[in-house]
Structure formats: C-alpha cells, structure tokens
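Scroll down for the structure; my scribbles are underneath it.
Computed from the coordinates by the stated procedures, all read-outs in this text should not be read as laboratory data. Since this is a predicted model, take the numbers as computed values, not measurements. All Cβ positions, glycine included, derive from the backbone under ideal geometry; neighbour counts span all protein chains shown.
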Amino acid sequence: MRDFLSLFFTFIKIGFTAFGGGYSIMPIMERELVNGRGWLSTDDLLEYYTIGQITPGIIAVNIASFIGYKQKKIPGAITATAGFVLPGVIMIMLAALLLRNFSEIPVVRNAFAGIRIVVGALILQTVVKLGVGIVQKNRCAVQNLTAVAICVVCFVLSLIWQSNPVLLVSASGLAGFFCFRNGKSGRM
C-alpha cells in the first residue's frame, strides 16, 4: 500500500508542476523519477517517451502509465495515471471558473505569455537532450548523419508543408528501419 501511495503522490507532484504537455514534462520527470526516486534510467524514460508519442492519447499520461506499470503492473499503471491526471482535472475546473472572468486582464494575459516562453524553452531542452542521446548511442558517423538527415527532412516537411504527423512518424520509422537495420549499435 505504501508503494502505491508513493507512486500516486509522486505523480500528483509531477502533475501539478507539468505545464505545456509531453515535451516540457521530460525534465520534470527526469528530475523526479530518474534522479530523485531512481525508478528508471534516462534511457528507460526516453524509450517510454518515444513509445508514448506513437501510442494514442496524451504523451505524458502514456508515460505515467508505462512507469506505473513498470513499478506495480496494472494497479501501478492505474495509480500513476490517476495521480498524474488528477491535478490537471482540478486545474482545468478552476481555470474554467476563473479565466472566464479574468482572461482579459493585462496581468493575466502577460503571465500566460511568460508561461508560453518557459514551455518553449523546456521543449527545446527536450529536443536537445533527445538529439544528444541519439548521437551518443550511435558511434557510427553514417548513422548519425542519417539520423540528422531524417530529422531535418521531417522538420522541413512539418514546418513548410505542414505534413500529417502520422505520415511523418510512419515514414521516419520505415526510414529508420531500413537505414539502421545493418548498423552496429542495433538501437538509436
């Protein structure tokens, strides 16, 4: 029971400090779950993040479910997910009540502008961390150049032509399969 309470309250804490979605939550999860609790490694967290991106649903909720499952199987997944979602539900209910009356106040509008800037910085930190992880795991220069090329092509397609993310993920998966299947590392 104590383990479930620890899991629940850890994810409540993460849920209350998580703003901006799956990308911006990575540093918070790393600090709490990898560095603080030691429940998983950075590589595990990055793998859960990758799987969470291609799994239907909210990335951060998926990650919480995966980590809860790793800790205590299905009851742990339910506990972690409930702990993570509860703060968001509470905040949305409060925001709906308050923002209707206060959203046009300049102080509130400016505060949200500042929050968007921080969320952007957290997303950038996650992107850099993922990129460094790819380069560190692939000691082969050709694989690194291929990974960078896939990244650049996807970025350009999504930015300029606003390509469908499902098609980009599918095409990148196929490209990765064909480009890295004979590689020495076996993993990115």
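Points to keep in mind about this one:
- Placing R0 at 30 angstrom, the Cβ-Cβ distance between Asp43 and Lys13 gives a FRET efficiency of 0.85 after rounding to 0.05.
- Taking the Cα atoms of region 2-104, the ratio Rg/Rh between the radius of gyration and the Kirkwood radius comes to 1.01.
- Kirkwood Rh, Cα atoms: Rg over Rh of the chain: 1.02
- Along the chain, longest interval not containing exposed trypsin sites (Lys or Arg not before Pro), exposed being DSSP loop plus at most 14 other Cβ atoms within 10 Å: 38-138
- Shape class of region 13-54 from the alpha-carbon gyration tensor: oblate, with a/c at 1.5 or above and b/c at least as large as a/b.
- Computed E for Ala175/Arg31 - FRET, C-beta separation, R0 41 angstrom, nearest 0.05: 0.80
- Order of Met29, Met93, Met1 - criterion: other Cβ atoms within 10 Å of each residue's Cβ, fewest first: Met1, Met93, Met29
- Taking a straight line from the alpha carbon of Lys13, these lysines sit under 29 Å away, with near neighbours fewer than eight places off in the same chain left out: Lys70, Lys72, Lys73, Lys129.
- Using R0 = 22 Å, the C-beta based FRET efficiency linking Val156 and Val119 works out to 0.40.
- Per-residue ellipticity at 222 nm from helix content only, as computed over the chain with -39500 (n - 2.57) for each DSSP H run of at least four residues, stands at -27500 deg cm²/dmol.
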